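Please treat every number below as a calculation from the coordinates, not as lab data. Keep in mind that this is a model prediction, so the values were computed, not measured. Heads up, the Cβs are rebuilt from the backbone with ideal geometry, glycines too, and the neighbour counts pull from every protein chain shown.
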């Protein structure tokens, strides 16, 4: 059975852009994306555009539109984000054949340098601006981060993939349950939940000098503010992490009070992501792009390594939180 993206040819991409009145001057160039298909092209005037084709069956129209409306709200407030292009009718979510797609003006630049204090300060400033706006109201359709539900779902997908031996299944289940028990000691309260980028790592921050733009809000969700901060910090160097965090905090507090009370959530959120990331890979294995990009997932040794990684993270959870 062919994957839905198998029919997304360069001609189909160009025809989709033309269907909304944007005329590519040449074939599109595929960008590094797996969940969706994202391509860049120039139009007849030389302007660069990025077109995103959403994975069929993942998000409803309401969920995607809420992301777009969030981006428009942020852009209108002066927050540097890559907001989608809208046609003369104000529409940002378009369809072509069986695909839903969105077009963005290209955002060029490079990721911040985490050893550059001015970059860290500027990055903190952008995140503070983001959260000052995002905390004004809640998402209605986008997901909410939930320890128990999300981890049970991830574990089920991994076990049902039948990629683990019986011994690995037992070891995996045991460590995941221990992690979940620990996470439940760190409940996230309703008043900590705000609209977040959700996947704020260096690959989703672009700019030059000390001016940065946040891109790819495809995973935006209700979560604690620290969700948009912890992935920018080193995991294995506490002294560097503390120094970098200070710079981010100072920039952040230009727009909003920093959530110091959420620092204890950093290691739990790291454990949560480790579990969810592998489940995501498993659930996307029918997409030919995934076996090509992640061939090691099919190897038994990967699962032994993943279980050890979770066990090490469990130990980290059991230690005093050095950031607090």
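What order do you get for 64, 246 when you list them from fewest to most C-beta neighbours inside 10 Å? Don't skip to the end; give the middle numbers.
Details: 64 21, 246 13.
Ordered by Cβ neighbours within 10 Å, fewest first: 246, 64.
How would you rank 194-204, 308-318, highest first, on the average number of other Cβ atoms within 10 Å across their residues?
Values: 194-204: 20.4, 308-318: 15.0.
Top of the packing list down: 194-204, 308-318.
So what's the back-of-envelope 222 nm ellipticity for the chain, counting only DSSP H runs of four-plus at -39500 (n - 2.57) apiece and dividing by all residues, rounded to 500? Write down the numbers at each step before the final one.
Values: 9 runs with 133 residues, N = 324.
So the helix-based figure for the chain works out to -13500 deg cm²/dmol.
Report relative contact order for segment 117-318 in percent, whole number only (criteria: Cα-Cα under 8 Å, sequence separation at least 6).
On the way: 236 pairs, mean separation 71.6, N = 202.
Dividing the mean separation by the residue count of segment 117-318 yields 35 percent.
Rounded to two decimals, what ratio of Rg to Rh does the chain give with C-alpha atoms and a Kirkwood Rh? Display every interim value, and only then the final one.
On the way: Rg = 20.5 Å, Rh = 21.2 Å.
Checking Rg against Rh, the ratio lands at 0.97.
As a test, work out the antiparallel percent of DSSP beta bridges whose residues both lie in the chain, rounded to the nearest 5. Intermediate results must be reported in sequence, preceding the final value.
On the way: 26 of 28 bridges.
The answer is about 95 percent antiparallel.
Cβ neighbours within 10 Å, averaged per peptide: list 160-166, 31-37 in order, most packed at the top.
Details: 160-166: 13.3, 31-37: 15.6.
Highest mean packing first, the order is 31-37, 160-166.
With the Cα gyration tensor of segment 9-105 giving a ≥ b ≥ c as the square roots of its eigenvalues, does the rule (a/c under 1.5 for rounded; else a/b larger than b/c for prolate; else oblate) give rounded, prolate or oblate?
Numbers: a/c = 1.60, a/b = 1.23, b/c = 1.30.
Verdict is oblate for segment 9-105.
How many angstrom lie between the Cα centre of segment 56-123 and the Cα centre of segment 1-25?
20 Å
Once you put a point 7 Å from the Cα of residue 106 and another 7 Å from the Cα of residue 260, both along the Cβ direction, what distance in nm separates them?
Taking the simple label geometry, residue 106 and residue 260 are separated by 4.5 nm.
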